[in-house]
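Written out below as C-alpha cells is the structure these notes cover.
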Amino acid sequence: MKIVYDASDPWPQYLKCLNELIKDNCAKQLCEIGGGAFPSLSLEQIKEQNLRYTILDISRTELERAPEEYVKVEADICDPKLKSEEKYDLIFSKMLAEHVIDAEVFHTNVYKLLKPGGIAFHFFPTLYSLPFVINRLIPEFLAKLLFNLFVRNDPIVHKRFTAHYNWCQGPIKKQINNLEKVGFEIIEYKGFFGHKYYKKIPILKSLHKLTTRFLMCYPNAYLTSFSFVVLRKRPNPVVKSRLRIMSRGPGPV
Ligand SMILES: C[S@@+](CC[C@H](N)C(=O)[O-])C[C@H]1O[C@@H](n2cnc3c(N)ncnc32)[C@H](O)[C@@H]1O
C-alpha cells in the first residue's frame, strides 16, 4: 500500500489518475457511481477508446441532465439488494462518497460489481478539514446558505446534495481497516492538504496557506481536505483465507 500526501489541486489530477488507471489496467468496462449530470468521461473518449461506460446514479433528474447517448442506470449504490448482470473492470466516483448514507454498503456493492482483480477509484472530501466539519455539523438551511456564498458559481449547474462524510477521511488506520474488511487491497491512498474555500477571505486564506505548508512538512492523516483512494478487488479472497488458516499451524491435539 502506498500512502502519499500532496498540496496541489486534486481536481485536474483526478482525470489524469482516472485515465492512467484505464490505461494501466486495460479497463474496458467502466462504471461511474454518482456520475449524474456530469459524467467524468466524454462521449468522444468513450468512442475513441472503445469503452463500455455506465453511469449509475440515484437521481433520475441528474441522469436526465447528461446527454442521452450515455448508458445510464438509475439505482442507489447503498441498496443492499443491488444487483447487476454486468461486472466492471473499473468503478469510480467523484464527490459521491460523502453523500452516501451507508458507506459499508456502498463499498460492498462496488466490490460486488467489480470483476475479480477489478479496480475501484474514489475522489472525495475528507474530515477533519474545517469547511467539511462545519458542513457536517450545521443545520441544512445554514449549509445551503454557506454553499451559495462560498462554493456555487452557477446556480443552475451546481446543485447541493446533503453530505454525511461516512468513511470520508484521509489514510487513517480505521479507514484502511474498514476498506480491507470489505475485501479490498489498498493500492494507493493519497491525502490532499488545503482547499480553495477561503479565497474570499484574505486573512484566512494566508493562514490556511501557512498551515498547508506546515502539513506538507509534518503530514497528519486526520487533517487532509480531499483524498484519492485506489482499491483492488482481491482476485481470489477464498484462497487467501485458506492460506491464513493453514499458516496458523497445527491445532490443539
Ligand atoms: C455532488 S454530485 C457529484 C456529481 C459528479 N460526480 C460531479 O463530480 O460533478 C453527487 C451525485 O451523487 C449522486 N448520489 C448521491 N447519493 C447516491 C447514491 N446513494 N447512489 C447513487 N448516486 C448517488 C447524486 O444524485 C449526484 O448526482
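Residues of the stretch 128-144 with an amide N closer than 16 Å to a point placed 7 Å from the Cα of Thr211 along the Cα-to-Cβ direction: 128-137. Each residue, Leu145 and Lys173, gets one label point 7 Å from its Cα in the Cβ direction; the gap between the two is 4.1 nm.
Here the dipole of the stretch 2-234 is about 720 debye; that uses its Cα centre as origin and unit charges on the Cβ of Lys and Arg (positive) and Asp and Glu (negative).
Calculated FRET efficiency, Lys181 and Val133, Cβ-Cβ r, R0 22 Å, to nearest 0.05?
My answer for the efficiency is 0.30.
Which value, in nm² and rounded to one decimal, describes the direction-averaged projected area of the C-alpha convex hull of the chain?
16.7 nm²
Pairs Lys2/Lys72; Lys87/Lys181; Lys173/Lys200; Lys94/Lys209; Lys2/Lys196; Lys83/Lys173: which are spaced more than 23 Å apart, C-alpha to C-alpha? Exceeds cut-off: Lys2/Lys72; Lys173/Lys200; Lys94/Lys209; Lys2/Lys196; Lys83/Lys173. Only DSSP H runs of four or more residues enter the estimate; each adds -39500 (n - 2.57), and after division by the residues of the chain the mean residue ellipticity at 222 nm equals -11000 deg cm²/dmol. Between Asp9 and Ser42, residue separation times 0.36 nm minus the direct Cα-Cα distance comes to 9.7 nm.
Between Asn19 and Glu86, how high is the FRET efficiency from 1/(1 + (r/R0)^6) when r is the Cβ-Cβ distance and R₀ = 22 Å? Nearest 0.05. Efficiency, from the Cβ-Cβ distance: 0.50. Summary of packing: across the peptides 135-147, 118-130, the per-residue average of other C-beta atoms within 10 Å ranks them, highest first, as 118-130, 135-147.
Readers should treat all values here as calculations from the given coordinates under stated rules, not as data from a laboratory. Predicted, not measured: the structure shown is a model, and the values here were computed from it. Glycine gets a Cβ as well: all are built from the backbone with ideal geometry, and neighbour counts include every protein chain shown.
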